[in-house]
Amino acid sequence: MRVGVMVDLVRDMTVEEQFRNLKSLEMNSCQLVCWDRSLLTEEVAAKVKQAMEEYGVEISAFWCGWEGPRVWNFYEGQLTLGLVPEAYRFRRMEMLLEGSDFAKKLGVTDLVTHVGYLPENPYDIHYAEVLACLKKIIRKCKENGQYFLFETGQETPVTLLRAIQDLGGDHVGINLDPANLIMYGKANPVDALDVFGCYVRGVHGKDGCYPTNGRELGPEVPLGEGKVDYLRFIRKLREVGFDGDITIEREISGPEQRRDIIQAKKLLEELIAGSAC
């Protein structure tokens, strides 16, 4: 396993700056994140590819966001996140299709996003509608030699497994964020690997705590200070055959973010080395 970090594709910082920061952290891999549809162009892709070659950076996955409102809680989140809200679904599907083409230009084979609060009830009308939308995105990914990955969090492991199976399991996988499963109160990430471990193609290195009320997510905290048992988690990843990247995600900014990323890298590398014994 290799440790990487999230890199944001944004207007106010060039990708060269981002990759220099990545290399200063002594890392060579990242997931590239973009929420701005206007950046999914030939020109931007060419600049990213040039910077990848110049700095020796590998992009393990393209994390494609979507336009429109997004509220990360249990109430407004139901109405704003992912492909589930009907009001935003078509435009977001279009951006994900464009994201797949953008990733192809970079030679990236995994496209990741949050689908939203996928209904646990398979007879819920939104379940069938979202799956129809996902089938179109997955067809595009297949054409581009890619996998579509569900970012974990807003659905239970069983709901996610069912969706993958109902989609046929072809060119579909999971980007497992263990902290999200805890922060959304959906599962213990170690146990979740018993449910869907064979579909995991990417992992986030993040930590968090369980929610303590019914409206707000549990807090994200520095890796090693939350409820993810990373030693057991990494051992379980090995058991299910995962040997890919663990990409650090710390959803704050400034010097504290950099400090926490450095500490997370040190801890993860120690645990990865120890789990191989």
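Derivation of every value follows stated rules applied to the coordinates shown; laboratory data play no part. Every value quoted in this text rests on a predicted model; they were computed, and no experiment measured them. Note: ideal-geometry Cβ built from the backbone for every residue, glycine included; neighbour counts use all protein chains shown.
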* **Of the GluC sites (Glu not before Pro) in the stretch 184-277, those whose Cβ has at most 13 other Cβ within 10 Å and which sit in DSSP loop** => E225, E251
* Asked: Where the centroid of each part is defined by its Cα atoms, how far is the stretch 1-74 from the stretch 210-277 in Å?
  -> 20
* To do: Quote the Stokes-Einstein diffusion coefficient, in whole µm² s⁻¹, for the stretch 129-172, based on the Kirkwood radius over alpha carbon pairs, a temperature of 25 °C and a viscosity of 0.890 mPa s.
  => 229
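Quick check: convex hull over the Cα atoms of the stretch 141-275, volume per residue in Å³, rounded to an integer?
Values: hull volume 16.1 nm³, N = 135.
It comes to 119 Å³ per residue, whole-number rounded.
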* Enumerate the calculated ³J(HN,Hα) couplings along the stretch 78-92 in order (Karplus 6.51 cos²θ - 1.76 cosθ + 1.60, θ = phi - 60°), each rounded to whole Hz, writing x wherever the residue is Gly or Pro. => 4, 9, 10, 9, x, 8, 5, x, 4, 4, 10, 4, 5, 4, 6
* Asked: Of C133, C64, C30, how do they rank once you tally other Cβ atoms within 10 Å and put the fewest first?
  -> C133, C30, C64
* To do: Only loop residues by DSSP count here, and only those with at most 16 other Cβ atoms within 10 Å; note down the chymotrypsin sites (Phe, Trp or Tyr not before Pro) in the stretch 90-154 that meet that.
  => Y123
* Asked: At q = 0.12, 0.13, 0.21, 0.26 Å⁻¹, what is the log10 ratio I(q)/I(0) for the stretch 1-82, with the Debye formula run over Cα points and no solvent?
  -> -0.41, -0.47, -0.95, -1.24
* Structure fact -> DSSP beta bridges in the stretch 2-275: the antiparallel percent, rounded to 5, is 10
* Structure fact -> Rh (Kirkwood, all Cα-Cα pairs) for the stretch 36-132, Å, reads 14.8
* To do: Please grab the % of Cα pairs in the chain that end up more than 27 Å from each other.
  => 35
* Cα-based Rg of the stretch 84-218 normalised by 2.2 N^0.38 Å, two decimals -> 1.03
